[in-house]
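The values are calculated or read from the model by the stated rules, or taken from the named source; none is laboratory data. Since the model is a prediction, treat every value here as computed from it, not as a measurement. Using ideal geometry, Cβ is built from the backbone for each residue, glycine included, and neighbour counts are taken over all protein chains shown.
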Amino acid sequence: MKIFVSGGTGFVGSHLVRELLGRGHELRLLTHHRGKSTAGVELVEGDVTRPECFEAALNGCDAVINLIGIIREFPSQGITFERLHIQATAAMLAAAQKSGIKRYLQMSALGTRPNAVSAYHTTKWRAEELVRESGLDWTILRPSLIYGPQDAFINMLAAQLRLAPVMPVIGDGSYRLQPIHADDVARCFALALEMPETIGHCYGLCGPDRMTYEQLLDRVARALGKSPPIKPHAPLGLMRLIIPVMQKLPQFPITSDQLQMLLEESICDGEWQKVFGFEPRGFTAGISEYLRKA
């Protein structure tokens, strides 16, 4: 199968490319800047929000996968939820429709819903609605927090723990997460392509380990061979006042949107395993594979 992928050069994309190539597929990846391609991979330069830049490259493809997404906005750089969640999805759908491609897979996010509070989840939902209304043979995957060797979040926590055994916690730290390895997310995308029964369905993806934020910090420390960190608690009310001001600084580690999503939790029932038929990787073993090598 020849597959067109947007977002294929990013964190999750690198895992998906490896998975799809391993299954014998040919790939065309949309990229900002054409670089050196590898066997089985063709790079197409273009702007994901402008289908006229890349729609010709969909000719001859059998399916489209859209992985484009951001977790934080930088409006001065044109990096916004509206542009990269909604406009990019609309462009990908338009290109697929014009090229006569029916099979379409979209990466969304766990917690996406019509009554969401965060702009992240709100725009993800609007993008999902475009997909559902497209008339294509769609499948939507909603992963929880994704981790892996090049992830941003777990590696950020590990970097802080390497400097000092202190990890500030907002609120009581009891909010729960259920992270999933990028390899497992990639495997679900690849399997969905091969499973007609996934057409017209949306799946929440999460790993086997449900833990509080404080427990997650302890596991990251353990993977580094360290003792559990000291966890001073920052009052939630105070942080709700500070974050909207400080998030304007690119170096500040959290935004109001991210705080909202953290407090809402990111967990699921694991029903997706009955469809895709495999056990996801355990969190502690998964992060140990790359944190101890760093």
field: Those residues of the range 92-136 which are in contact (Cβ under 8 Å) with a residue 24 or more places away in the chain and of a type in the set (Gly, Ala, Ser), in sequence order
entry: Ala94, Ala95, Ala96, Ser99, Ser108, Ala109, Gly111, Ser118, Ala119, Ala127, Ser134, Gly135
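How many residues, within the range 54-65, are farther than 19 Å from Ser14 by Cα and either crowded, with 17+ Cβ neighbours inside 10 Å or out of contact with any helix residue (DSSP H, G or I) (no Cβ under 9 Å at 6 or more places or on another chain) (or both)? Don't jump to the end; show me each part of the working.
Taking the range 54-65 and keeping what is farther than 19 Å from Ser14 by Cα, we get 54-62.
Subset that is either crowded, with 17+ Cβ neighbours inside 10 Å or out of contact with any helix residue (DSSP H, G or I) (no Cβ under 9 Å at 6 or more places or on another chain) (or both): 54-55, 57-58, 61.
Adding up the residues that qualify gives 5.
Determine which member of the set Gln251, Gln247 is more than 23 Å from Gly270 (Cα to Cα), without any contact (Cβ under 8 Å) to a residue 40 or more places away in the chain and surrounded by 15 or more Cβ atoms within 10 Å (Cβ to Cβ). Give the steps one after another, and end with the answer.
Values: Gln251 fails: surrounded by 15 or more Cβ atoms within 10 Å (Cβ to Cβ).
Going through Gln251, Gln247 in turn, just one is more than 23 Å from Gly270 (Cα to Cα), without any contact (Cβ under 8 Å) to a residue 40 or more places away in the chain and surrounded by 15 or more Cβ atoms within 10 Å (Cβ to Cβ): Gln247.
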- prompt: Applying the selection to the range 9-43, what residues are modelled with pLDDT under 95 and touching a helix residue (DSSP H, G or I) at 6+ places or on another chain (Cβ under 6 Å)?
  reply: Gly40
Of the criteria (1) modelled with pLDDT of 95 or more; (2) within 20 Å of the chain's Cα centre (by Cα); (3) within 25 Å of Lys124 (Cα to Cα), which one Met246 fails: (2)
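One residue is enough: does the range 284-292 have a residue meeting the conditions among the polar types (S, T, N, Q), assigned to a helix (DSSP H, G or I), within 27 Å of Cys61 (Cβ to Cβ) and more than 19 Å from the chain's Cα centre (by Cα)?
Of the residues in the range 284-292, the ones among the polar types (S, T, N, Q) are 284, 288.
If we keep only those that are assigned to a helix (DSSP H, G or I) too, we end up with 284, 288.
Cutting the leftovers down to within 27 Å of Cys61 (Cβ to Cβ) gives us none.
Among the residues of the range 284-292, not one is among the polar types (S, T, N, Q), assigned to a helix (DSSP H, G or I), within 27 Å of Cys61 (Cβ to Cβ) and more than 19 Å from the chain's Cα centre (by Cα), which makes the answer no.
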message: Within the range 125-148, does at least one residue satisfy the condition of being farther than 14 Å from Ser108 by Cα, of a type in the set (D, E, K, R) and touching a Pro at 6+ places or on another chain (Cβ under 9 Å)?
response: yes
